[in-house]
Amino acid sequence: MADNLLRPMLTKLLASKGEKKFFFAYGAGKRKDGKGDGELAVRRKRFKKQEVGGELVESKQVFEGICWVGKGEADAETIYFQAKGKKLSPMIVAKMALTAKRTAGRQYDFQLPSPDEEARAGNLEDQTDANGAPGEELDVPEPLIVDAAGVVPPPPPDGAVAFKARLQALMPRVLEARKSNPAIAGDLQRRLTEATALAGQKDFVQAGALLNRVEQLLEDMTAAASSGAAVVQRFNALTSSLKAALAAKGPDLARIQALAAAVGGLLKNKDYAQASKVLDELAPLLAAGATPEDDAQPALAEAEADRAPVSNVVLTQARLAWDAARTKIQVDLQKLEQAILDAAAGQSEYDPDAVAIGARRLHGILDELDARLIDKLDEALNAQVPDERQRRQQEAARLVKRHLGFVNGDPLMALVDDNGFAPVAVRKTAATALTTLASKL
């Protein structure tokens, strides 16, 4: 039945011209009729889980949420899908498009929404059925939200008007927050979508409470930004000292370079707390190198002669830490590779060999973050004289700096942790281990 209704409902969705949102449900699994995988349904009211899956041999998982059409000329034929609860991946959306092509008989442009489209969808009206019934919620609603005193506040006299005014006042701050801190965008959008849905059901108490949470998130972000600005200002204040230290090429050059690179990467990722800790390591090194220009070379030579290598304990700890990090990265990459292969399995539109080759390219990350650092630390551990150990230690520090540059600058590393196929922490593991090593070597 859902297959028979899919094409006319998608036609109505496209005819809405981006002014209404409909509801969808997608069940993943092998179809009984042999037409590939998946069952897709779209209609004007929400779905219950048991309403989807009748066309499948076995329903592995069900996604449900809202869908709508783009508003501009460029995306007037694009249908956006946003799931509730389970997050849609690009692979799942591609499978949904294949299901629609096989059951509705035409190719549709299905896409995941951009942050701006998600924000716009939060303000679209729900489409309803012929008698205006909004349908039933798929999930059990959250427990009643109360204020700090445990009292449920009464709804405002004109809830719809008050809610709309408050939402419109919040949106400029929300959009600015999403641009400046993409990490918080998903949480903000989820709460706004839930609040808008509750307002549509005239539950303005719950909707207002969710807007309270949005305001709190925005305030927390503002506070964090203020703290971040202080860390950035602190780093900027060290610019002249840093340039002087780099130009002097003293005995701490490799360590200073690694720490400075680590701070830059942490600031880029808005990890201000860790950046501040690394600055605590960097600042004394720069202060120690701040000697008068005439005495710079003798002072550097004396420092180079007097500076002792780090202990065997530190070198051993560094070696074990990097070895453990590479092992975890390898496990995560294998997990991600298998998830990609599993997602593409049984899909005739994908060349299995091409998918396998593409997935294997993930392991290029470990080719870059190779075992040379371990070898160099071993050489430092086995050095018989202090001068030799110091040289090997500095070479290891240069490798750490190079690896940090790769972790912070490689496009694949920027995307691997948020891949849509499997939960992994490749970049996080590498960045944490290398930042620690940079502060020790």
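Quick note: the coordinates plus some simple rules give every number you see, no bench work behind them. What you see is a predicted model, and the numbers here were worked out from it, not measured in a lab. Neighbour counts are summed over all protein chains in view; Cβ atoms, including those assigned to glycine, are modelled from backbone coordinates with ideal geometry.
Which net charge results when you count Lys and Arg as +1 and Asp and Glu as -1 among the other residues whose beta-carbon is under 15 Å from that of residue 230? Spell out each step's value before the answer.
Values: positive: 234, 270, 277; negative: 271, 280.
After counting each charged neighbour, the total is +1.
Roughly what % of Cα-Cα distances in region 2-125 sit above 21 Å, to the whole percent?
31 percent
For residue 11 and residue 101, compute 0.36 nm times the residue count separating them, minus their Cα-Cα distance, and round to one decimal in nm. If you can, show how the numbers build up before the last one.
Values: separation 90, 0.36 × 90 = 32.40 nm, distance 1.34 nm.
Once the chain is fully extended between residue 11 and residue 101, it gains 31.1 nm.
What FRET efficiency would be calculated for the residue pair residue 125, residue 216, taking the C-beta separation as r and a Förster radius of 25 Å, to the nearest 0.05?
Details: r = 27 Å, r/R0 = 1.10.
After rounding to 0.05, the efficiency reads 0.35.
Considering only Cα-Cα distances, which of the following residue pairs are longer than 28 Å: 60/428; 277/328; 277/428; 35/328?
The pairs that break the limit, which is 28 Å between Cα atoms, are 60/428; 35/328.
For residue 164, give me every one of the lysines with a C-alpha distance below 16 angstrom, ignoring sequence neighbours fewer than eight places off in its own chain.
202
Quick one: Cα centre-to-centre distance for region 367-401 and region 230-277, in angstrom?
22 Å
Only loop residues by DSSP count here, and only those with at most 16 other Cβ atoms within 10 Å; note down the trypsin sites (Lys or Arg not before Pro) in region 1-98 that meet that.
Numbers: sites: 12, 17, 20, 21, 30, 31, 32, 35, 43, 44, 45, 46, 48, 49, 60, 71, 84, 86, 87, 95; in loops: 17, 32, 35, 44, 45, 46, 48, 60, 71, 84, 86, 87.
Qualifying residues, ordered by number: 17, 32, 35, 45, 48, 60, 71, 86, 87.
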